[in-house]
Amino acid sequence: MDERSNSSQSSQCITPTRSGRKLQLSAVLASVPMAIVALGIFVICVAYSVVLSFTKSKLFPNLNWVGLDQYDRLWGSARWLTSVENLMLYGVLFIILCLLSGFLMAVFLDQKVRFESGFRTLFLYPYAMSLVVTGLVWQWMMEPSLGIQNVVQKLGWESFQFAPLVDSDYAIYGVLIAAVWQSSGLVMALMLAGLRGVDGEIWKAARIDGIPTWKIYLFIVVPMLRPVVITSVVLLAVGVVRVYDLIVAQTGGGPGMATEMPAKFVIDHLTGRSNVGLGMAAATMMLLPVLVVIGPWIYREYVRPAKR
Amino acid sequence: MMGKKIGMLTLALSAVSVSVHAANVEVIHWWTSGGEQKAVTVFADEYNKLGGDSWVDSAVALGENARALTMQRILGGDAPGAAQFNTSRQFEELIEEGLLLDLTPIAKKEGWLQFIRPTSVLDPCMKDGGIYCVPVNIHSNQWLWTNKKVFADAGLQEPTTWKEFLQVAPKLRAAGVIPLALGGQAWQERHLFDVVMIGTTDKAFWSQIWDKKDPEAASGDTMRGVFETFGALRQFIDQGSPGRNWNDATNMVITGKAATQVMGDWARGEFSAANLKADVDYGCIPGPSIKPYLTLAGDAFIFPKTDDADLENAQFKMASMMLSPQVQAKFNNAKGSLPVRDDVDMSLADACMKKGLKLLENTDATFAPANVYITADTNGQVDDLITTFWNEPDMSVDTALTIFAGIIDDAE
């Protein structure tokens, strides 16, 4: 009896394992191309870049070892320090402002307003525009003698000042305005989808309890939107780290060094300045925070099986 | 259905392979202003007139962006047919790695070494006896462009030295015009710095810094004077300067909003495109300097190596076209630069061009620009320093001198 039950148990155990193996095989086969790409690009190329950062490569990569010289020069360079400061300031403000404005736009559209699809297109439209175009448009609008400042002054408000791009202290905020304008539409679209996914019963229940609408949004709906917020933050953060074209189109990094960014530092040194070694050292420094901070966070949110 | 599609595809492919005989040569350059576009159109039209191959224009605003794109595409294996560079060390590694087409066969046939002058413009093209670029013009950088009417209305003399400029500028501002039109892009600030440097020192000092890379001279009193004069100019520009393009700054002089601009002789193309007359409507002062000097810089085209024989033929044809006497005359008249050969008809030269030609005849008055001596990396470090110094008046001259001497000391 015991034996039989054992054998039946073991046979029951074997069957799912076998079918599991089959599944695994096909899964492995299916993911081979992805694994090759991931290994080839993300591991080998990144490792190669890191190796190059310890060499004296000029326009072409070579293996003349110089140890930490490039990092020494990098962290001794005023331009790099400014770039890092700019990236942090810009990154934090950009993500917060995009989340806020995207959420507010989504809430507005969620009120069953008239011409909703029209508004939706209007809000999402900037996101369809390339960052280069965005940069150029805002550069013109912030031009002191042609743009918004000039128009308002001509309307009679002579002391009006709005030309952030020509002032080293405010130029980064000028870039920020353009970037938020471009990206908050994306957040709006994600948030709106999230809001529409909230069960109507919850709204009814909350209304019956007499909770004011703003409180429902803040204390019930927002916590439910957590996955949407995480997706938005990941997408926005990717945009922050690689911000390059917007800077080139809008300010060229100026005035002075005021709007320089790490990605621009890397590209400038790889190409125009023919210093691959230094560029790769900078690129490696850009990779570090991703590995140290964002890596574990993504692992926690996506990879690790959720506790039930 | 599927068979039909494949048939169409084959048809399309065969059509492509038939038309391969005539090559499309993509040319990357940074000639995007009005005057520059007229000049590059001369090249394109003359090339298309030769028949067969065609000129495909890839204009990219700003030299540094255009050069970066070219480098990326060559390294990425998607090289353009031809690309513009400055006659300098910008492309030496491309030559060393054997990525550029050796133009020696055609250069020998046409005798480039005999007619290209001065020989210094061909030097950056040569490596181990091969010729790897085509210099197309000679540009001089050291010019102060003035609006004659503005000076006449204010009852002021045009300055010929930086000392005089600093005396005249406050009066111009009092008269309600912007004394100095400057485009606040890093390369233009650097350009102004170089002009101030040669204008307040001399050729020997210039070579002491850039050629001999002497850190003592780089932190000495002469250099201090250069930084001080340069810094003193900050107060004479307008608020909208940052990010402005050079041709927009030229336009401020053309329209009388600003009195002067420091720019290379390519600015003349903008004045003539606005139908202004040299030395009547606008003035050109070499320097400003006690003893005027002019750099022998210019533009050159490189031709990336290709394994497509048709494209290679088209590249040789383009190189030869760019140097033909007739095209040189037409192109340089439109561009505002000087031809690289002296046997061309320059009867159309205006008053400013004649001033330049006269200076160029005197070899004592000519010198090579900094980027002939220093690498693109070092040059970029100087750019960074100058643009920071210019935009941050808090930065002391002492700090700037220390950083500058450090860069010169590390230079290769």
Exercise. Considering only B:107, B:166, B:118, whose Cα is most displaced toward the positive end of the charge dipole of the stretch B:56-182, charges sitting on Cβ of Lys, Arg (+1) and Asp, Glu (-1)?
Worked result: B:166
Exercise. What FRET efficiency, computed as 1/(1 + (r/R0)^6) with R0 = 51 Å and r the Cβ-Cβ distance, is obtained for residue B:212 and residue A:37, rounded to the nearest 0.05?
Worked result: 0.50
For this session: Compute the long axis of helix B:2-19 from its Cα atoms, compare it with the longest principal axis of the Cα atoms of chain B, and write down the angle in degrees, 0 to 90, nearest 10.
Result: 60
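How high is the FRET efficiency from residue A:150 to residue A:218, r the C-beta distance, R0 45 Å, rounded to 0.05? Please list the in-between numbers first.
Values: r = 41 Å, r/R0 = 0.91.
That gives a FRET efficiency of 0.65.
Relative contact order of the stretch B:17-80, please, whole-number percent, based on alpha carbon pairs below 8 angstrom and at least 6 residues apart.
Dividing the mean separation by the residue count of the stretch B:17-80 yields 42 percent.
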Seminar exercise, completed: Here FRET efficiency (C-beta to C-beta, residue B:115 to residue B:234, R₀ 51 Å, nearest 0.05) is 0.70
Problem set entry | D_trans [Stokes-Einstein, Kirkwood Rh over alpha-carbon pairs] for the stretch B:87-218, 4 °C, 1.567 mPa s, µm² s⁻¹ | 69
Exercise. What are the residues whose amide H is under 5 Å from the amide H of residue A:251, where those residues sit 5 or more places off or on another chain and H is modelled from the backbone?
Worked result: none
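Using the Cα centre as the reference, give the magnitude of the dipole from point charges on the C-beta atoms of the stretch A:126-210 (Lys, Arg: +1; Asp, Glu: -1; all else neutral), rounded to the nearest 20 debye.
280
Students often check this: by mean Cβ neighbours within 10 Å, which of A:25-36, B:169-180, B:367-378 ranks highest, and how do the rest follow?
Numbers: A:25-36: 9.8, B:169-180: 17.8, B:367-378: 21.6.
The densest-packed peptide leads the list: B:367-378, B:169-180, A:25-36.
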Seminar exercise, completed: Semi-axes of chain B from the Cα gyration tensor (sqrt of 5 times each eigenvalue, largest first, whole Å) come to 40, 24, 21
For this session: Let me have the 222 nm mean residue ellipticity of chain A computed from DSSP H runs of 4+ only, each contributing -39500 (n - 2.57), with the sum over all residues rounded to the nearest 500.
Result: -20500 deg cm²/dmol
Problem set entry | ³J(HN,Hα), Karplus 6.51/-1.76/1.60, whole Hz, each residue of the stretch A:213-224, x for Gly, Pro | 3, 4, 5, 4, 4, 5, 9, 10, 6, 4, x, 6
Exercise. Per q in 0.09, 0.21, 0.22 1/Å, what log10 I(q)/I(0) does a Debye calculation on the alpha-carbon atoms of the stretch B:12-133 return?
Worked result: -0.30, -1.43, -1.46
Problem set entry | C-alpha center-to-center spacing [the stretch B:180-215, the stretch B:322-337] in angstrom | 28
Exercise. If you plug each phi of the stretch B:72-81 into the Karplus form 6.51 cos²θ - 1.76 cosθ + 1.60 with θ = phi - 60°, what whole-Hz ³J(HN,Hα) values come out, in order, with x for Gly and Pro?
Worked result: 4, 6, 5, 5, x, x, 10, 5, x, x
Exercise. Of all accessible surface on the protein assembly as shown at a 1.4 Å probe, what whole percent is carbon and sulfur?
Worked result: 61
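Shielding of A:248-260 by partners, i.e. mean partner chain Cβ atoms within 10 Å per residue? All intermediate terms of the calculation are to be shown ahead of the outcome.
Working: counts 4, 2, 1, 4, 10, 5, 10, 12, 13, 7, 5, 1, 2.
If you average over the peptide's residues, the count of other-chain Cβ atoms is 6.
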Exercise. Amide H of residue B:299: which non-local residues (sequence gap of 5 or more, or other chain) have their own amide H closer than 5 Å, using H built in the peptide plane?
Worked result: B:87, B:136, B:137, B:139
For this session: Find which of A:171, A:121, A:183 sits farthest along the positive direction of the dipole of the stretch A:117-211, computed with +1 on the beta-carbon of Lys and Arg, -1 on that of Asp and Glu, about the Cα centre.
Result: A:121
Problem set entry | Cross-link pairs B:163/B:257; B:38/B:355; B:49/B:335; A:56/B:108; B:203/B:257; B:38/B:358 - those with Cα-Cα distance over 31 Å | A:56/B:108; B:203/B:257
Problem set entry | Pair residue A:304, residue B:173: separation of 7 Å Cα→Cβ label points (nm) | 6.1
For this session: Calculate the spin-label point distance for residue A:122 paired with residue A:288, positioning each point 7 Å from the Cα along the beta-carbon direction, and give it in nanometres.
Result: 4.7
Seminar exercise, completed: In degrees, nearest 10, the alpha-carbon axis of helix B:351-361 is tilted away from the dominant principal axis of the alpha carbons of chain B by 90
Seminar exercise, completed: Expressed as a whole number, the average count of other chain Cβ atoms within 10 Å around the Cβ atoms of B:383-395 is 4
Problem set entry | Cα-derived Rg over Rh, computed across the protein assembly as shown with Rh taken as Kirkwood radius | 1.04
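In chain B, what percentage of the DSSP-assigned beta bridges are antiparallel, given to the nearest 5?
Numbers: 22 of 37 bridges.
For chain B, the DSSP antiparallel bridge percentage is about 60.
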Problem set entry | Projected label distance in nm at residue A:211 and residue A:64, using a 7 Å step from Cα toward the beta-carbon | 6.7
For this session: Mind pulling the angle between the C-alpha long axis of helix B:376-391 and the longest principal axis of chain B? Nearest 10 degrees, somewhere in 0 to 90.
Result: 40
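Determine the dipole magnitude for chain B: charges of +1 sit on the beta-carbon of Lys and Arg, -1 on that of Asp and Glu, nothing else is charged, the reference point is the Cα centre, and the result goes in debye to the nearest 20.
1320
Among A:146-152, A:262-268, how do they line up by average Cβ neighbours within 10 Å per residue, starting with the highest?
On the way: A:146-152: 16.0, A:262-268: 22.4.
In decreasing order of mean packing, A:146-152, A:262-268 become A:262-268, A:146-152.
Assuming 0.36 nm per residue, please report the length gained on full extension of the stretch residue A:72 to residue A:161 beyond their Cα-Cα distance. It would help to have the intermediate numbers written out before the result.
Details: separation 89, 0.36 × 89 = 32.04 nm, distance 4.13 nm.
Contour length minus Cα-Cα distance gives 27.9 nm.
Taking the Cβ of residue B:396 as the center, what net charge do the other residues with Cβ under 13 Å away carry, scoring Lys and Arg +1 and Asp and Glu -1?
Here the charged neighbours net out to -3.
Pairs of alpha-carbon atoms within less than 8 angstrom and 6+ residues apart define the contacts here; what relative contact order does the stretch A:142-207 have, in percent? Can you show the working numbers first?
Values: 32 pairs, mean separation 12.8, N = 66.
Once divided by the residue count of the stretch A:142-207, the mean separation gives 19 percent.
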Problem set entry | ³J(HN,Hα) computed for each position of the stretch A:231-248 - Karplus, 6.51 cos²θ - 1.76 cosθ + 1.60, integer Hz, glycine/proline x | 4, 4, 4, 4, 4, 5, 5, 4, x, 5, 4, 9, 4, 8, 5, 4, 5, 4
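Ballpark to the nearest 100 Å², how much total accessible area do A and B bury together, probe 1.4 Å? Let's see the in-between values first.
On the way: alone 19020 and 18040 Å², together 34920 Å².
Accessible area lost upon association: around 2100 Å².
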Problem set entry | Interchain or long-range residues, amide H under 5 Å from residue B:24's placed H | B:54
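Could you work out the mean count of beta carbons from other protein chains within 10 Å of each residue's beta carbon in B:374-381? Mind showing how you got there, number by number?
Values: counts 0, 5, 8, 9, 2, 3, 7, 5.
For peptide B:374-381, the averaged partner shielding equals 5.
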Seminar exercise, completed: If each part is reduced to its alpha-carbon centroid, the stretch A:155-173 and the stretch B:26-54 end up apart, in Å, by 40
Exercise. In µm²/s, what is D for the stretch B:147-245 at 20 °C and 1.002 mPa s, where D = kT/(6 pi eta Rh) by Stokes-Einstein and Rh is the Kirkwood radius from Cα pairs?
Worked result: 144
Exercise. Can you list the aspartates and glutamates whose alpha carbon is less than 18 Å from that of residue B:148, not counting same-chain residues fewer than 8 positions off?
Worked result: B:158, B:164, B:265, B:270, B:279, B:281, B:350
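Can you give me the relative contact order of chain B as a percent, contacts being Cα pairs under 8 Å and 6 or more apart? The partial results should precede the final answer.
Numbers: 683 pairs, mean separation 107.9, N = 412.
It comes to 26 percent, rounded to a whole number.
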For this session: Please list, or write none, the lysines whose alpha carbon is within less than 19 Å of the alpha carbon of residue A:58, excluding same-chain residues fewer than 8 places away.
Result: A:264, B:127
Problem set entry | Average accessible area per residue (Å²) across chain B - probe 1.4 Å, nucleic acids and ligands excluded | 41
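The values are calculated or read from the model by the stated rules, or taken from the named source; none is laboratory data. Note that the coordinates shown come from a computational prediction; the quantities given were computed from them, not determined experimentally. For neighbour counting, all protein chains shown are included, and Cβ atoms are generated from backbone atoms with ideal geometry for every residue, glycine included. Surface areas here come from the heavy atoms of the whole protein model, side chains and all, with no ligands, DNA or RNA. Shrake-Rupley method; radii C 1.70, N 1.55, O 1.52, S 1.80 Å.
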